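Novice: Take a look at this one; I'll ask things after.
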Amino acid sequence: MPYFARAVIVCDRPDRTVNAATSAAWIRDLDPDVEVVETSEAPQPWAERTLELLGHVPGVTFTSEANGDEWGIADGRSASMPAAP
């Protein structure tokens with residue numbers, strides 16, 4: 001079975017109720033094998049920021065943002081999937 005590396009990028013923004021460090025800790029507790037990358041709000045488009053943080057084009061993304069499809073296309077994938085609310 002092929003192995004797919006999994007990474008979660010957690011963005012810290014002042015308008016969030018839960019900060020990135022807390023969210024990252026929850027994710028690590030739920031799945032210690034996933035790579036969790038914490039970052040502040042991206043100054044450039046997210047597709048560029050993703051490549052900078054991960055160092056490669058991810059095969060698929062899940063996002064809570066409305067611009068998910070634009071993000072997926074911009075960094076080389078055909079689509080991005082919204083995360084469940």
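Bear in mind that the values in this text are calculations on the coordinates, not laboratory data. Computed from a predicted structure; not experimentally measured. Note: ideal-geometry Cβ built from the backbone for every residue, glycine included; neighbour counts use all protein chains shown.
Novice: Mind sorting T22, T17 by how few other Cβ atoms lie within 10 Å of their own Cβ, fewest first? Could you put the intermediate results ahead of the total?
Specialist: On the way: T22 13, T17 5.
In order of increasing Cβ crowding within 10 Å: T17, T22.
Novice: Now for a different question. Order by neighbour count: I9, I27, fewest other Cβ atoms within 10 Å first, most last. Spell out each step's value before the answer.
Specialist: Working: I9 20, I27 15.
Fewest-to-most Cβ neighbours within 10 Å comes out as I27, I9.
Novice: Next up: In terms of modelled amide H atoms, which long-range or inter-chain residues lie less than 5 Å from the amide H of I9?
Specialist: V37
Novice: Could you please rank E52, E38, placing first whichever residue has the fewest other Cβ atoms within 10 Å of its Cβ?
Specialist: Working: E52 11, E38 16.
The most exposed by this proxy come first: E52, E38.
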